[in-house]
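J.: Structure provided below as structure tokens; questions to follow.
The values are calculated or read from the model by the stated rules, or taken from the named source; none is laboratory data. These numbers come from a predicted model, not from an experiment. Here Cβ is always computed from backbone atoms with ideal geometry, including for glycine, and neighbour counts include all displayed protein chains. The accessibility values were calculated without ligands, DNA or RNA, using every heavy atom of the protein model including side chains. Shrake-Rupley method; radii C 1.70, N 1.55, O 1.52, S 1.80 Å.
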Amino acid sequence: MAVTLKDIAREAGTTVMTVSNVINGRYGKVSQATVDKVRAIAEKLDYVPSATARSLVARSSRLVGVLLPDSPESNVLVSPHNVAIIGVIERMLRENGYYVLLRSIPAADPASVTAALRSWNLDGAVFIGFLDSQIRAMRPTLDTALVVVDSYEKNSDVMNVRLNDRKGGYLATRHLIEKGHARIAFVGPRITERGVVKERYNGYRKALREAGIPLDDALIVATDVTHASGIEAGRLLSDRHPDVTAVFATADLLAAGIMEGVREAGRDVPHDLSVVGFDNLDLATYVSPQLTTITQDLTAKATRAVELLLLSMTSESVQPAETVMDVQLVERGSVRDLTA
């Protein structure tokens, strides 16, 4: 049976209120001798404070929601990018005395999202992977401290941590052009509005335009960000566009699938098709040849998101609305130099 404040008070010969004050660090009206006695008895009886009771006293749940849009196609943790981000967020929040509630939610129904957030009594929330329009629909009804990761929402009440995605798309495509490629495909999720994918696509277009290479809509392949979808895209490019010599994929997971699909079609990477990914996840070094990719510091991105959230939850000062993280190209063996 769990030890209660009443049990400690009985053995200490004092009131439950006095024990409660000691357990919760309110020593103003309690003698040092009583504090020492109560703490010793609590330790002897192996007393564990009730998180629920303490949250009611502090008017804080110590609970932070990490929320991702519901995906009917796959597990929300199928993405190595999401796993890496969430791992850092959980560790940092745990070290600061918070618990994490991980949940996928139907972003298409903002009313249900805001109702759920209120019922959970969150101290704060981190949104990962939502469209800007979804955030705009949900934010006006939320009074929770909120940080969004990988968003371009300009609402001054929303703190963003994102990459320079356009630069990433530009660097990837320019690298391929510098290696002599002109027929370059773009593979990523369907573009519906401004956001991560569209900005990477805009960088791709900019590099083509600067090089005087016309944009070919037939080389824009919309797909889910899964390994299986990458395999399908690799087969499609091999079968329908054998003249394409290079592809920029918006995620390493997609790029790895494309490489496998190309091999299944009887072709070779990088001899027949060069591939550049995005994220520089561990898997970029597991595939063969190792993947040329755009690197981002996932730990720094997640750390910044938690830093902003903690400041927002504990301070009334205004925090910066947007933090933009830089990107760089990491060159490995998946790109063939046609100029050599």
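J.: Tally up the carbon and sulfur contribution to the accessible surface of the chain as a whole percent, 1.4 Å probe, everything protein left in place.
T.: Answer for the chain is 50 percent, counting heavy atoms of protein chains only.
J.: Something else now. In the chain, if the dipole is taken from +1 on Lys/Arg beta carbons and -1 on Asp/Glu beta carbons about the Cα centre, which of 2, 106, 258 is farthest to the positive end?
T.: So the residue we want is 2.
J.: Just need the relative contact order of the chain here, percent rounded to a whole number, with Cα pairs under 8 Å and 6+ apart.
T.: 16 percent
J.: Now, a different point. Going by amide H atoms built from the backbone, whose H comes under 5 Å of the H on residue 66, apart from near neighbours?
T.: Result for residue 66 returns 101, 102, 103, 126.
J.: Which of 238, 288, 229 moves most in a GNM of the chain, Cα contacts under 10 Å?
T.: For the chain, modelled as a Gaussian network with Cα springs under 10 Å, the answer is 288.
J.: Please check: in the Gaussian network model of the chain (C-alpha springs, under 10 Å), which one of 36, 224, 279 has the largest mean-square fluctuation.
T.: The residue that fluctuates most here is 36.
J.: Follow-up. So with the 1.4 Å probe, I'd like the accessible area per residue for segment 163-247, rounded to whole Å².
T.: 46 Å²
J.: Let's see if you can work this out: charge +1 on each Lys and Arg Cβ, -1 on each Asp and Glu Cβ, no other charges. What is the dipole magnitude of the chain about its Cα centre, in debye to the nearest 20?
T.: Value, rounded to 20: 980 debye.
J.: Cα to Cα, under 19 Å, and not fewer than 8 places away if on the same chain: which aspartates and glutamates meet these conditions relative to residue 206?
T.: 165, 178, 193, 216, 217, 326
J.: Could you work out which residue, out of 40, 321, 185, moves most in a Gaussian network model of the chain, that is, has the largest mean-square fluctuation with Cα springs under 10 Å?
T.: 40
J.: Right, here's the next one. Starting at the first residue of segment 252-264, write each ³J(HN,Hα) from the Karplus equation 6.51 cos²θ - 1.76 cosθ + 1.60 with θ = phi - 60°, in whole Hz, x for Gly and Pro.
T.: 4, 4, 5, 4, 4, x, 4, 4, 5, x, 5, 5, 5
J.: Please list 3J(HN,Hα) in residue order for segment 227-232, calculated via the Karplus relation 6.51 cos²θ - 1.76 cosθ + 1.60 where θ = phi - 60°; whole Hz, with x for glycine and proline.
T.: Karplus values, whole Hz, x for Gly and Pro: 5, 4, 5, x, 4, 4.
J.: Right, another one. Is the shape of the chain rounded, prolate or oblate, going by the alpha carbon gyration tensor and its root eigenvalues a ≥ b ≥ c, with a/c under 1.5 for rounded and a/b larger than b/c for prolate?
T.: Here the chain falls in the prolate category.
J.: Which value, in Å², gives the accessible area per residue of segment 257-340 when a 1.4 Å probe is used on the protein heavy atoms?
T.: Value returned for segment 257-340: 45 Å² of accessible area per residue.
J.: What does DSSP give for segment 236-340 in terms of the percent of beta bridges that are antiparallel, rounded to the nearest 5?
T.: Percentage antiparallel, nearest 5: 30.
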